[in-house]
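The values are calculated or read from the model by the stated rules, or taken from the named source; none is laboratory data. All values derive from a computational prediction rather than experimental measurement. Ideal geometry is used to build each Cβ from the backbone, glycine not excepted, and the neighbour counts take in all protein chains shown.
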Amino acid sequence: MRKTLTTLSAAALAFTMAMPAQAQDQAQDQSQDQTADQAQGQTQSMDLDTVVATVNGEDITLGHMLMVRATLPEQYQQLGDEALWDGILDQLVRQAALAQDENAVETKRVTLSIDNERRALLAGEVVKAVAEDAVTDEAVQEAYEADYTGEDMGKEFNASHILVETEEEAQALVEELNGGADFAELAREKSTGPSGPNGGELGWFSAGMMVEPFQEAVEALEDGAVSEPVQTQFGWHVIKLNETRAKEAPTLDEVRGEIEMSLQQQAVEKYIDETLASAEVTRMDKSEADVSALSNMQLLED
């Protein structure tokens, strides 16, 4: 019974947010000829506390509408403000009316949900503040210099290969190449790999980008040299190392996002560890707990 009621409730709210096609069309067809001065004359200045509706004396504010807008599914986020206004306000008005109904009892389920939601939102505000404070120009520059400046970034390899099914085929190719055959022509003629039509060229890659036997064979070659047959899960390869170069460090702009994310993650983890270290925390010993109670959803209904 509870599942049915929950489904009906969700369906009702989803229906509320289903914008009438007419409302969407009106929003899209809104005249673009109205001047900014005229528009200002037809609207009032609004802030979070601006009351947009009341239900039996209970205020619904612009702030409440903004919180609903912020959590809408992606398909609704694409709609314009004109189309969304009535749907969001209707949802809040209906919720307020139902919440004031004599059947709207604050059950244990409701109380616990509010507790969890409040806890999660407050924790989220702390995480947001810590993460924002962690990213400064100085911190980003320092992290960039520590990770990318003056360090050996390793090598990059430019190689070509010919892929065949058997070791015998690969060995025959090696003998042809030792006899002066052109590698690219053999690749176009013999290779079963997707790079075959391109002469077997794989372009530039660095350590860890190829499967291990292939990578090891490449790193053991001198520029211009051809390998003996190398087996991987894809088949047998004959590899030519065309060129090797030192890997260049990326620019700061190229890795800024990665650095900022790392700084934020480190700062948040450190802050959480420090907060927990100073908090008085007690936990029930799991050996004393009936862990099967975690699946007993009936407790929420009692």
Problem set entry | Filter result (under 18 Å from Gly224 (Cα atoms), charged (D, E, K, R) and out of contact with any helix residue (DSSP H, G or I) (no Cβ under 9 Å at 6 or more places or on another chain)) within the stretch 167-191 | Glu175, Asp182, Glu185
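A quick yes/no check of all residues on (1) hydrophobic (A, V, I, L, M, F, W, C); (2) outside any helix (DSSP H, G or I); (3) modelled with pLDDT of 95 or more; (4) within 30 Å of Gly193 (Cβ to Cβ):
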{"position": "Lys240", "(1), (2), (3), (4)": "no, yes, yes, yes"}
{"position": "Thr244", "(1), (2), (3), (4)": "no, yes, yes, yes"}
{"position": "Pro250", "(1), (2), (3), (4)": "no, yes, no, yes"}
{"position": "Gly257", "(1), (2), (3), (4)": "no, no, yes, no"}
{"position": "Met261", "(1), (2), (3), (4)": "yes, no, yes, no"}
Problem set entry | Residue list for the stretch 71-84, filter: free of Cβ contacts under 8 Å to residues at least 12 places away in the same chain and closer than 26 Å to Asn56 by Cβ | Thr71
Exercise. Just checking, which of Ala97, Ala120, Ala131 is without any contact (Cβ under 8 Å) to a residue 24 or more places away in the chain, of a type in the set (A, V, I, L, M, F, W, C) and part of a helix (DSSP H, G or I)?
Worked result: Ala120
Problem set entry | Criterion: more than 25 Å from Phe205 (Cα to Cα) and either at pLDDT 95 or above or touching a Lys or Arg at 6+ places or on another chain (Cβ under 9 Å) (or both) - qualifying residue of Thr275, Thr232 | Thr275
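For Phe214, indicate whether it is among the aromatic types (Phe, Trp, Tyr) and part of a strand (DSSP E or B).
Considered against the rule, which asks whether it is among the aromatic types (Phe, Trp, Tyr) and part of a strand (DSSP E or B), Phe214 comes out as no.
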Exercise. Which residue, of Asn158, Asn103, is touching a strand residue (DSSP E or B) at 6+ places or on another chain (Cβ under 7 Å) and polar (S, T, N, Q)?
Worked result: Asn158
Problem set entry | Among (1) acidic (Asp, Glu); (2) assigned to a loop (DSSP other than H, G, I, E, B); (3) in contact with a Ser or Thr (Cβ under 9 Å, 6 or more places away or on another chain) - the single one Asp152 does not satisfy | (3)
Problem set entry | Residues of the stretch 111-135 satisfying the condition of being surrounded by 12 or more Cβ atoms within 10 Å (Cβ to Cβ) and either within 17 Å of Gly257 (Cβ to Cβ) or touching a helix residue (DSSP H, G or I) at 6+ places or on another chain (Cβ under 8 Å) (or both) | Val126, Val127, Val130, Ala131, Asp133, Ala134, Val135
Exercise. Quick one: is Trp204 among the aromatic types (Phe, Trp, Tyr), at pLDDT 95 or above and under 30 Å from Tyr148 (Cα atoms)?
Worked result: yes
For this session: Could you look through the stretch 195-251, keep only residues that are surrounded by fewer than 18 Cβ atoms within 10 Å (Cβ to Cβ) and of a type in the set (Phe, Trp, Tyr), and pick out the one that is nearest to Ala172 (Cα to Cα)?
Result: Phe234
For this session: Select from the stretch 274-296 the residues that are surrounded by 10 or more Cβ atoms within 10 Å (Cβ to Cβ) and of a type outside the set (S, T, N, Q) and list them in ascending order.
Result: Glu274, Ala289
Exercise. Residue check: is Val268 surrounded by 10 or more Cβ atoms within 10 Å (Cβ to Cβ), assigned by TED's automatic domain parsing to the domain that holds Ala181 and at pLDDT 95 or above?
Worked result: no
Exercise. When the stretch 75-106 is examined, which residues are found to be closer than 28 Å to Asp302 by Cβ, surrounded by fewer than 17 Cβ atoms within 10 Å (Cβ to Cβ) and of a type outside the set (A, V, I, L, M)?
Worked result: Gln100, Asp101, Glu102, Asn103, Glu106
For this session: Answer yes or no: is there a residue in the stretch 174-188 that is part of a loop (DSSP other than H, G, I, E, B) and hydrophobic (A, V, I, L, M, F, W, C).
Result: yes
